[in-house]
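Take a look at the structure below.
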Amino acid sequence: METFDLGVGSAFWLMNASTLLCVVYGVINWNKDKEEKVLNTKSWDKDEARINKDL
Amino acid sequence: MNMLENIIIIIYLAVLGYLGFVGYKQTKSSADYLIAGGNTHPFVMALSYGATFISTAAIVGFGGVAAWLGNSLLWLTFCNIFVGVFIAFVFLGNPTRKMGIRLNAHTFPELLGRRFNSKFIQVFGGILIAFFMPLYASAVLIGGTEFIVAYFKVDYHMALLVFSIIITGYVLAGGLKGVMLTDALQGVIMFVAMMILLVMVFDAVGGIDAGFSKLEMVWNKTVASLGSANLKDLKAGSPDFMMKLSMNWGFQGWNKMPIFLSEGWLFVITTITMGVGIGVLAQPQLVVRFMTVKSKNELNRAVLIGGVFIIAMTGIVFIVGSLTNVWYYEFNEGKNALQSAGGVGKVIPHFINAAMPKWFAFIFLFALISAAMSTLSSQFHAMGTAIGRDVFEQIVGKHTSNSLLITRTGIVIMIVISVSLAYLFDKQPAIIARSTAIFFALCASIFLPVYFGGLFWKRMTQKGAIASMVVGTVITTFWLLFVHFQEAKELGLCKMLFGVNSLLSGKIIFVDAMIVALPLSALTAVVVSLLTKPESSTLLKKCFEN
């Protein structure tokens, strides 16, 4: 890796850093969201005719 | 083929069949069939997204390009992870999911159409997918079939037929549930194969630092010596021609970026990195996956899995691709990868057969077939829903009780078209090989401004969205047909009409269509939206409020 120039070296480390970012973000936010109950997905098919009509 | 290989193939097919059956049993409504019921596990969702994104072309094609052009391709991996996973999941995923639920949207064109209350947008999006995705699908189909033919020594047409029937079976029966479950299995196979490959390649070239250090020496010994050669004296398409061409384009070594703003720099950054890396944000078959999970938590968890998966795919294959030059130099009489394998597309298969043990060649074949199958199944599903739900149902009227049947019929029609293209073009003409880039450029410049504006800009209007899509279509088509050095030449219309391969000359012809069309398409969306009447508060409330 010492033979990488600045452009390729930047890509290499940014690639690893962005993977780390994904991992850290995923771990921190694993169970953080509390809003799922706001939208009831189970009603989709039941409500399809009404939503189509409204639109 | 020995007994063990036979048993493994039968087990693999049996598991695929079982997962397709599980999808079938769990599919009871349109929502189940089109968006997997909106309750997919994050592991399945992330692997399905990644496995759909990474096709055989990404592993074999781009791996070969890395052997040719070197580690500058790592910019694409960075873009794949940061834009294709982090930005996509963190910033687009949840707004897409929530708007999809509010508007009861089951496909990407349906989401856009309902956001702007426009049948035209949904039908236009559906037609675009139904028209261009079969070319892209046939390229993946041809690539996957060719590996089966090469390994098992069977007839191409028979292999294509069997391969297509297997995928058709679980897509048709299991819908998106079946597709995503099989994608997850195939993603695991791909991940394991790539990890083994990385370890074995570093071992073969003497370690990480030693391998990369030797790359510079191999460039100096096998490529730098071509510096005094004239490109016209070399046979077009030959390995030395390709390496000399890369030097003329500004490449200076496999561990170095090409000269800033040279043809090579423009090709790597605009066509490869941005064309594919940004284009992924507006891929219909990927966007629909955001609608398959029940909460933001699933998306957050999928970020972790997706990021690791993508670096294990493109990160590894690009590094391995460039390091094949070291292996060939040391074990094949001082030749580089292209000189040894004979062509860019041949490097990875040749390397696997020449450098790896036979047991790994079999595992790698499975990974490649899995990559092809996971991409194809999602393409078939997206094309079928586009022609069935977005085009046919919109033209004949609203959804009926036959909605599922219509979608399934659409899938069968689109599979027949894709397989027919693969039969017709079994020699994979250049236009088929370029279809991935064409589809990515079209999706980015046509869908991306409308998708972003639809999610985040309430002032964006229906007229602004339609104008943006039309401008994106016109500019991208013009650039592909008459300017870009690869597509314009291979499509041949420019030559036929004007007697030249491209209407422009110089470095501009190396700039990807998306780089030109996307800003113009976005600008059109902004200007036309500001000049037209805002959408009704009723529609905005439906789109943005729970």
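The values are calculated or read from the model by the stated rules, or taken from the named source; none is laboratory data. The structure displayed is predicted, hence computed values, not measured ones. Glycine also receives a Cβ, built like all others from the backbone with ideal geometry; neighbour counts cover every protein chain displayed.
Scanning segment B:419-438 for residues that are in a helix (DSSP H, G or I), at pLDDT below 85 and closer than 30 Å to B:Gly113 by Cα turns up B:Ile432, B:Ser435, B:Thr436, B:Ala437, B:Ile438.
The residues on offer are B:Ser445, B:Ser468, B:Ser502, and the sole one that is part of a loop (DSSP other than H, G, I, E, B), surrounded by 18 or more Cβ atoms within 10 Å (Cβ to Cβ), in contact (Cβ under 8 Å) with a residue 12 or more places away in the chain and of a type in the set (S, T, N, Q) is B:Ser502.
One line per residue, one yes/no per condition, for (1) part of a helix (DSSP H, G or I); (2) at pLDDT 90 or above; (3) under 29 Å from B:Arg389 (Cβ atoms); (4) touching a helix residue (DSSP H, G or I) at 6+ places or on another chain (Cβ under 9 Å):
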site	(1), (2), (3), (4)
A:Thr3	no, no, no, yes
A:Gly7	yes, yes, no, yes
A:Ala17	yes, yes, no, yes
A:Leu20	yes, yes, no, yes
A:Tyr25	yes, yes, no, yes
A:Lys42	yes, no, yes, yes
A:Lys46	yes, no, yes, no
A:Arg50	yes, no, yes, no
A:Lys53	yes, no, yes, no
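Whether a residue is out of contact with any Asp or Glu (no Cβ under 8 Å at 6 or more places or on another chain), away from chain A (no Cβ under 14 Å) and either surrounded by fewer than 19 Cβ atoms within 10 Å (Cβ to Cβ) or not in a helix (DSSP H, G or I) (or both) was assessed, and B:Val450 does not pass this test. None of B:Ser295, B:Ser322 is within 14 Å of another protein chain (Cβ to nearest Cβ), among the small types (Gly, Ala, Ser) and within 30 Å of B:Ala386 (Cβ to Cβ) except B:Ser295. In segment B:321-372, the qualifying residues are those that are charged (D, E, K, R) and more than 23 Å from B:Phe212 (Cβ to Cβ), and the one that is surrounded by the fewest Cβ atoms within 10 Å (Cβ to Cβ) is B:Lys358. On inspection, B:Tyr151 passes the criterion of being surrounded by fewer than 22 Cβ atoms within 10 Å (Cβ to Cβ) and either assigned to a helix (DSSP H, G or I) or of a type in the set (Phe, Trp, Tyr) (or both). Of the residues that make up segment B:4-26, is at least one touching a Phe, Trp or Tyr at 6+ places or on another chain (Cβ under 9 Å), charged (D, E, K, R) and more than 14 Å from every other protein chain (Cβ to nearest Cβ)? The answer is yes; a qualifying residue exists.
When B:Phe309 is tested against (1) more than 8 Å from every other protein chain (Cβ to nearest Cβ); (2) over 16 Å from A:Val27 (Cα atoms); (3) in contact with a Leu (Cβ under 9 Å, 6 or more places away or on another chain), exactly one condition is not met: (2). Take the conditions among the small types (Gly, Ala, Ser) and in contact with a His (Cβ under 6 Å, 6 or more places away or on another chain) and apply them to B:Ala341. Does it pass? Here the answer is yes, as B:Ala341 does meet what is asked.
Scan B:Gly187, B:Gly207 and give me the residue that is more than 29 Å from the chain's Cα centre (by Cα) and within 26 Å of B:Met356 (Cβ to Cβ). Step through it out loud before you land on a result.
Details: B:Gly187 fails: more than 29 Å from the chain's Cα centre (by Cα).
Among B:Gly187, B:Gly207, only B:Gly207 is more than 29 Å from the chain's Cα centre (by Cα) and within 26 Å of B:Met356 (Cβ to Cβ).
I want to confirm something. Restricting to segment B:475-499 and keeping residues that are part of a loop (DSSP other than H, G, I, E, B) and surrounded by 16 or more Cβ atoms within 10 Å (Cβ to Cβ), which single residue is modelled with the lowest pLDDT? The extreme case among them is B:Gln486.
Looking only at segment B:10-59, which residues are hydrophobic (A, V, I, L, M, F, W, C), modelled with pLDDT under 85 and in contact with a Gly (Cβ under 8 Å, 6 or more places away or on another chain)? Within segment B:10-59, B:Ala31, B:Leu34, B:Ile35, B:Ala36, B:Ala57 meet the criteria.
Rundown of residues vs (1) among the hydrophobic types (A, V, I, L, M, F, W, C); (2) buried (at least 24 other Cβ atoms within 10 Å of the Cβ); (3) in contact with a Gly (Cβ under 8 Å, 6 or more places away or on another chain), yes/no style:
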position: B:Lys177; (1), (2), (3): no, yes, yes
position: B:Thr182; (1), (2), (3): no, yes, yes
position: B:Gln186; (1), (2), (3): no, yes, no
position: B:Met195; (1), (2), (3): yes, no, no
position: B:Leu198; (1), (2), (3): yes, no, no
position: B:Ala204; (1), (2), (3): yes, no, no
position: B:Asp209; (1), (2), (3): no, no, no
position: B:Ser213; (1), (2), (3): no, no, no
position: B:Glu216; (1), (2), (3): no, no, yes
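Restricting attention to segment B:280-313, which residues are more than 29 Å from A:Phe12 (Cβ to Cβ) and crowded, with 24+ Cβ neighbours inside 10 Å? If you could, list the steps in order and put the result at the bottom.
Kept after step one, since they are more than 29 Å from A:Phe12 (Cβ to Cβ), are these residues of segment B:280-313: B:284-285, B:287-288, B:290-298.
Answer for segment B:280-313, where residues must be more than 29 Å from A:Phe12 (Cβ to Cβ) and crowded, with 24+ Cβ neighbours inside 10 Å: B:Pro284, B:Gln285, B:Val287, B:Val288, B:Phe290, B:Met291, B:Thr292, B:Val293, B:Glu298.
Applying the set (1) at pLDDT 90 or above; (2) in contact with a Phe, Trp or Tyr (Cβ under 6 Å, 6 or more places away or on another chain) to B:Met99 leaves exactly one unmet item: (2).
Filtering segment B:481-515 to residues that are touching a Ser or Thr at 6+ places or on another chain (Cβ under 8 Å) and aliphatic (A, V, I, L, M) leaves B:Val483, B:Ala488, B:Ile509, B:Val511, B:Ala513, B:Met514, B:Ile515.
Residues that are surrounded by 13 or more Cβ atoms within 10 Å (Cβ to Cβ) and more than 19 Å from B:Lys463 (Cβ to Cβ) were ranked within segment B:518-541; the one that is farthest from the other protein chains (Cβ to nearest Cβ) is B:Pro519. Screening B:Phe510 with (1) in contact with an Asp or Glu (Cβ under 7 Å, 6 or more places away or on another chain); (2) within 18 Å of B:Ile278 (Cα to Cα); (3) surrounded by fewer than 19 Cβ atoms within 10 Å (Cβ to Cβ) gives one miss only, at (3).
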